[in-house]
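All remarks here apply to the structure that follows.
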Amino acid sequence: MSGQAGLERVQRIVIVGSGVAAWAAAASLAKVLGPAGRLRVVPAAETADAGYGGADSLLPLHDERLGCLRDAAAMLTAGDGSCGWGVAFDGWSPHARPWFLPFGSIGAGLGPVPFHQIVLRLRREGRAVRLADYSLPALAAQSGRFAWPGGPARSVLSTCRNALHLDVAALADALRERAGAAGVMSSRAPFASAERAGDGRIAGIHTADGTRLGADLVLDCSETAVLSGRDPWEDWSPWLACDRALAARVPRAADPPPYALAEAHAAGWTRHLPLAHATSLVAFFNAARGGEAAALASLERAGLAAEPDNVPLRFGRRREPWRGNCVALGAAAARLDPLVVGNLHFLLTALARLLELLPAEPRSPACAREYNRRTAAELDNARDQAIALYKTNGRRGEPFWDECRAMAVPDSLAYRLDTYASRGKVVLYDEEPFDEAAWIALFDEQGIAPPRNHPLADGFPIADLEAHLARIRAILLDELKRMPAHADHLARVRAAERRPDNAAREALP
């Protein structure tokens, strides 16, 4: 159902929250509903949700309903951010070497034979082949180059995706300005309580100054789930065992690299997320395993100069983020281990889904069921990719990591692991946030190796397979030469965003 249909009956929408989730929802709903939509933001009496370490990452979405949130250049500038081609993993693999998970395709198949099956065949013949050598994102990350993905359908860049690394508080400020310019009203007094009808639905929101706001639809965008906290929560701690984090930000003199880094330590891992003028550091650890000392040491090696914030973690998701006429978004709905991409990304995908299913009337159980089904599928798939990294770790003799390798994983992930290990086949489910190439890179570098390649790969002479790889490599290197340095790309984007006209933005997405 369209947002315009929603104007017939769902007219009073109250958004409870103070951070990026609240203002992203307000700015996007204002674009969909227009000036006739009655939107009110009620701040929650809490610290605004600014992501782990005040920064987070996302994969840009091309959804018209999201308004400025689909504009990568605008978000990059507003969020004082940088671009990323993927994530470098250091200290995770049984091969005892760093590896790169790219956001984009790897190689190209030959006839009916997938690229990774060609690589398996060449390895069986004694050739040393790494997937990252045939990935444009991986090569560009290594050389410090960046260009917006896209272009003609047959171009290499059209097969790539990129991340944005953003200061979440700065992005929230920019979205607040957008929402205000669009006519969204904001309450001066914070949230006090919710007035519930006999069926559990929220009839109104009360603020601290005694004001009552009637509501047809309520969005819980608060960090502490002030409205959704009594709804069932699915706990992921049996698989994602980091339960605390140390967060800090350090200045950086050099240009930001176009990738994030996930560095494993004795009882957890540290995320290095480059922004335009600093690096956001978050060391995730398991407190019971004495991980705080190793986490602090990892921050100090990265240049920590002040006391870091110590943040409790609770990974999991709301089983029904849309219940009655209340929808939980952001931290109120889910908390994911941000090994591959951040929670900010899943806020945006949930928001795009909500705008797609925006109901025509306050009581819309069918819309809620579909929203919950698709949201749960996406979050569970992202959860499984994070669990897979812990499960396949190669760190021996460290209790935290030994237990991660020994743990039983969800059936959905166990099936993926078994299927790839047996025949090199990647299982993909509905609402996958990551493509086949990302799963192949993870399995391959983390030591999940099929016993042999697919028989179809045996139908080609080795010389033909090697020539095919050489052609791919040449195409990638030719494209790489045309890319500007990442720092030059960022400077160009910011210069274009500062211009009052759109002429300088013609080449931007």
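The values are calculated or read from the model by the stated rules, or taken from the named source; none is laboratory data. Predicted model only: the values in this text are computed from it and were never measured. Virtual Cβ from ideal backbone geometry, glycine too; neighbours counted across all protein chains shown. Side chains included, ligands, DNA and RNA excluded: accessible areas come from the protein's heavy atoms. Shrake-Rupley method; radii C 1.70, N 1.55, O 1.52, S 1.80 Å.
Structure summary
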item	result
Count of segment 217-231 residues which are open to solvent by 20 Å² or more (accessible area, probe 1.4 Å), more than 22 Å from residue 341 (Cα to Cα) and not β-branched (Val, Ile, Thr)	3
Counted residues, segment 362-393 - those being among the acidic types (Asp, Glu), open to solvent by less than 20 Å² (accessible area, probe 1.4 Å) and over 19 Å from residue 441 (Cα atoms)	1
Segment 388-405 residues that are closer than 19 Å to residue 338 by Cβ, paired with ones that are assigned to a helix (DSSP H, G or I) and open to solvent by 50 Å² or more (accessible area, probe 1.4 Å) (beta carbon under 6 Å, 6 or more apart)	400/289
Tally, over segment 156-172, of residues that are in contact (Cβ under 8 Å) with a residue 24 or more places away in the chain and either more than 14 Å from residue 260 (Cβ to Cβ) or open to solvent by 20 Å² or more (accessible area, probe 1.4 Å) (or both)	11
Qualifying residue in segment 299-315 (condition: in a strand (DSSP E or B), among the β-branched types (Val, Ile, Thr) and open to solvent by 10 Å² or more (accessible area, probe 1.4 Å))	yes
Options 321, 274, 312, 338; residue that is at negative phi and modelled with pLDDT under 95	312
Subset of segment 277-298 that is hydroxyl-bearing (Ser, Thr, Tyr) and not in a helix (DSSP H, G or I) - its residue that is farthest from the chain's Cα centre (by Cα)	279
Residues located in segment 396-406, provided they are in a loop (DSSP other than H, G, I, E, B) and open to solvent by less than 50 Å² (accessible area, probe 1.4 Å)	398
Top-ranked residue in segment 408-436 [being of a type in the set (A, V, I, L, M, F, W, C) and open to solvent by 50 Å² or more (accessible area, probe 1.4 Å); ranked as nearest to residue 241 (Cα to Cα)]	408
Pair list, Cβ < 7 Å and 6+ apart or interchain, from segment 120-141 residues that are closer than 14 Å to residue 472 by Cα to residues that are charged (D, E, K, R) and surrounded by 20 or more Cβ atoms within 10 Å (Cβ to Cβ)	131/444
Subset of segment 407-453 (residues that are in a helix (DSSP H, G or I) and within 18 Å of the chain's Cα centre (by Cα))	436, 437, 438, 439, 441, 442
Number of positions in segment 79-135 that are over 30 Å from residue 344 (Cβ atoms) and touching a strand residue (DSSP E or B) at 6+ places or on another chain (Cβ under 7 Å)	1
Some residue of segment 176-184 being under 23 Å from residue 331 (Cα atoms), open to solvent by 30 Å² or more (accessible area, probe 1.4 Å), touching a residue at least 12 places away in the same chain (Cβ under 8 Å) and among the β-branched types (Val, Ile, Thr)	no
Qualifying positions in segment 453-492 - of a type outside the set (A, V, I, L, M), farther than 30 Å from residue 420 by Cβ and touching a residue at least 24 places away in the same chain (Cβ under 8 Å)	482, 484, 486, 489
Residues being at pLDDT 95 or above and more than 19 Å from residue 474 (Cβ to Cβ) - total across segment 101-111	2
Matching entry among 234, 263 (being open to solvent by 30 Å² or more (accessible area, probe 1.4 Å), part of a strand (DSSP E or B), over 30 Å from residue 29 (Cβ atoms) and acidic (Asp, Glu))	263
Residue 471 vs. criteria modelled with pLDDT under 95, over 29 Å from the mean Cα position of the chain (by Cα), open to solvent by 80 Å² or more (accessible area, probe 1.4 Å) and within 28 Å of residue 152 (Cβ to Cβ)	no
Which numbered condition residue 249 fails, given (1) under 20 Å from residue 58 (Cα atoms); (2) part of a loop (DSSP other than H, G, I, E, B)	(2)
Selection count, segment 196-224, where residues are acidic (Asp, Glu), under 27 Å from residue 368 (Cβ atoms) and modelled with pLDDT of 95 or more	1
Residue, nearest to residue 291 (Cα to Cα), within segment 228-249, restricted to residues that are basic (Lys, Arg) and in contact (Cβ under 8 Å) with a residue 12 or more places away in the chain	244
Which numbered condition residue 307 fails, given (1) in contact with a Lys or Arg (Cβ under 8 Å, 6 or more places away or on another chain); (2) acidic (Asp, Glu); (3) modelled with pLDDT under 95	(1)
Meets criteria (modelled with pLDDT under 95 and either over 23 Å from the mean Cα position of the chain (by Cα) or within 25 Å of residue 280 (Cβ to Cβ) (or both)) for residue 121	no
Residue that is surrounded by the most Cβ atoms within 10 Å (Cβ to Cβ) [pool: residues in segment 194-208 that are over 19 Å from residue 11 (Cβ atoms) and in contact (Cβ under 8 Å) with a residue 60 or more places away in the chain]	207
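Results for (1) buried (at least 16 other Cβ atoms within 10 Å of the Cβ); (2) under 25 Å from residue 142 (Cα atoms); (3) modelled with pLDDT under 95, shown as yes or no for each residue.
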position: 467; (1), (2), (3): no, yes, no
position: 478; (1), (2), (3): no, yes, no
position: 486; (1), (2), (3): yes, yes, no
position: 490; (1), (2), (3): yes, yes, no
position: 506; (1), (2), (3): no, no, yes
